[in-house]
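Please find one structure pasted underneath; my questions will follow.
No value in this document is a laboratory result; all are computed from the given coordinates. None of these values were measured; they are calculated from a predicted model. Neighbour counts run over all protein chains shown; Cβ positions are idealised from the backbone, glycine included.
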Amino acid sequence: MQLQVKNLAGEVVSSIEVDEQVFGLEPRIPLMHQAVLMYLANRRRGTHSTKTRGEVRGSTRKIQRQKGLGRARQGSIRAPHRRHGGIVFGPKPRDYSQAMPKRMRRLAIRCALSAKVRDGELIVIEGLQVAAPKTKAIVEPLRALGATRTVLLVTAQPDENVKLSARNVEGATYMPADSLNTYDILRNRHLVLTVDAVRRIEALWGGERANQRRPLVTTAAAGGEQG
């Protein structure tokens with residue numbers, strides 16, 4: 001399939017042939033949803049912690065005697081219904097991390113890229129060379145390209161000048177192609193890729209790697225022939 005290539009002035013200058021296994025798939029929404037949930041879950045530290053009635057400070061002595069006062073029965077000052085008492089069923093440190101098979105993660109990224117192409121929100125540019133960190137060098141091209149809302153800029157290799165130039169632009173995010181993930185692709189309205197970034201993405205998730213499987217382990221290979 002063909003994708004148009006624009007210059008930094010927003011003009012179409014050429015077109016390139018891209019891998020349909022990366023940019024031409026039918027998006028699978030449940031798969032992309034699972035990949036996004038995994039990404040967000042893996043970002044959680046899980047260090048939250050509350051104290052139970054056995055962990056808060058305070059005496060365990062009964063506050064008042066059980067009978068004879070005409071009042072409700074009371075126990076320890078650490079009881080959950082009292083001020084500064086323990087927390088009932090409060091959060092404790094835990095691991096929120098999730099896992100997905102590698103082939104599913106790769107397919108989710110390809111589906112997200114294909115969804116951007118389908119919706120007309122993927123923009124391919126010739127290149128993005130920034131001589132020195134300067135916000136203006138990013139703002140003007142994005143305005144010319146029509147990417148005025150949230151936008152993800154992707155280059156083939158890490159570029160510190162582009163990163164520093166984009167960090168003060170509201171709604172703009174930058175990352176190299178190797179760090180691309182389903183969540184960041186979908187959370188931004190526009191996806192701007194350089195031609196080199198497109199080729200890098202195809203090398204990472206297209207071609208033979210798109211349907212790569214682990215080799216089957218036969219019984220003879222695993223433990224030798226029996227008998």
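Choose one of HIS84, SER59, GLY70: the residue whose Cα lies farthest towards the positive end of the charge dipole of the stretch 45-95 (beta-carbon charges +1 Lys, Arg; -1 Asp, Glu; about the Cα centre).
GLY70
Right, here's the next one. In whole angstrom, how far apart do the alpha carbon centroids of the stretch 133-212 and the stretch 7-39 sit?
12
Going by alpha carbons, how many degrees (0 to 90, nearest 10) lie between the helix axis of 195-205 and the longest principal axis of the chain?
The angle comes out near 60 degrees.
Something else: Mind checking which of MET100, CYS111, ALA156 is farthest towards the positive end of the chain's charge dipole, using Cβ charges of +1 (Lys, Arg) and -1 (Asp, Glu) about the Cα centre?
Toward the positive end, the furthest listed residue is MET100.
Just one of [x] 55, 34, 31; [y] 92, 73, 30; [z] 46, 40, 33 is Cα extents along the principal axes in Å calculated from these coordinates, so which is it?
Of the listed options [x] 55, 34, 31; [y] 92, 73, 30; [z] 46, 40, 33, [y] comes from this structure.
Order of THR52, THR182, THR60 from fewest to most other C-beta atoms within 10 Å?
Details: THR52 15, THR182 26, THR60 10.
Final ranking by Cβ density, sparse to dense: THR60, THR52, THR182.
Please grab the % of Cα pairs in the stretch 45-95 that end up more than 12 Å from each other. It would help to have the intermediate numbers written out before the result.
Values: 846 of 1275 pairs.
Summing the P(r) of the stretch 45-95 above 12 Å gives 66 percent of all pairs.
Further question: What dipole magnitude, in Debye to the nearest 20, does the stretch 1-102 give about its Cα centre under +1 on Lys/Arg Cβ and -1 on Asp/Glu Cβ?
My answer is approximately 2320 debye.
Using the Cα centre of the stretch 45-95 as the reference point, and only Cβ charges (+1 on K/R, -1 on D/E), how large is the resulting charge dipole? Debye, rounded to the nearest 20. Please report the intermediate quantities before stating the final value.
Working: 15 positive and 2 negative charges, 64 e Å.
The calculation lands at about 300 debye.
Return HIS84, HIS190, HIS33 ranked ascending by Cβ neighbour count within 10 Å, so the fewest neighbours appear first. Can you show the working numbers first?
Values: HIS84 10, HIS190 22, HIS33 13.
Ordered from fewest to most neighbouring Cβ atoms within 10 Å, HIS84, HIS190, HIS33 come out as HIS84, HIS33, HIS190.
Work out the FRET efficiency for ASN42 and LEU69 from their Cβ-Cβ distance, taking R0 = 41 Å, and round it to the nearest 0.05.
On the way: r = 54 Å, r/R0 = 1.33.
The calculated FRET efficiency here is 0.15.
Can you tell me the dipole magnitude for the chain around its Cα centre, using point charges on the Cβ only (Lys, Arg +1; Asp, Glu -1), in Debye to the nearest 20?
Details: 39 positive and 20 negative charges, 642 e Å.
It works out to roughly 3080 debye.
Which of ALA156, ALA79, ALA115 ends up with the largest GNM mean-square fluctuation for the chain, with Cα atoms connected below 10 Å?
So, out of ALA156, ALA79, ALA115, the one fluctuating most is ALA79.
Positive end of the charge dipole of the chain (Lys, Arg +1 and Asp, Glu -1 on Cβ, about the Cα centre): tell me which of VAL124, GLY206, HIS48 has its Cα farthest that way.
Of the listed residues, the answer is HIS48.
To the nearest 500 deg cm²/dmol, what mean residue ellipticity at 222 nm is calculated for the chain from DSSP H runs of n ≥ 4 alone, each contributing -39,500 (n - 2.57), summed and divided by the residues?
Numbers: 8 runs with 75 residues, N = 227.
That comes out to -9500 deg cm²/dmol.
Moving on. Which order results if TYR96, TYR183 are arranged by neighbouring Cβ count within 10 Å, fewest first? Walk me through the numbers on the way to the answer.
Working: TYR96 11, TYR183 18.
Neighbour counts put them in this order, fewest first: TYR96, TYR183.
Got a sec to turn the phi values of the stretch 87-101 into Karplus ³J(HN,Hα) couplings, 6.51 cos²θ - 1.76 cosθ + 1.60 with θ = phi - 60°, whole Hz, x for Gly and Pro?
Residue by residue, the stretch 87-101 yields 9, 8, 6, x, x, 10, x, 7, 9, 9, 4, 10, 9, 9, x Hz.
Where Rh denotes the Kirkwood radius from the mean inverse Cα pair distance, what is Rg over Rh for the stretch 82-139? Spell out each step's value before the answer.
On the way: Rg = 23.1 Å, Rh = 17.4 Å.
Result: Rg/Rh = 1.33.
What angle do you read, to the nearest 10 degrees and between 0 and 90, between the alpha-carbon axis of helix 136-145 and the longest principal axis of the chain?
70
Structure shown: which of LYS102/LYS134; LYS6/LYS116; LYS116/LYS163; LYS51/LYS102; LYS6/LYS163 lie over 27 Å apart, alpha-carbon to alpha-carbon? Present the calculation step by step, with values, prior to reporting the outcome.
Details: LYS102/LYS134 38 Å; LYS6/LYS116 16 Å; LYS116/LYS163 22 Å; LYS51/LYS102 39 Å; LYS6/LYS163 21 Å.
Beyond 27 Å between Cα atoms: LYS102/LYS134; LYS51/LYS102.
Using only Cα atoms, find the angle between the long axis of helix 29-43 and the longest principal axis of the chain, and express it within 0 to 90 degrees, rounded to the nearest 10.
The two axes meet at around 60 degrees.
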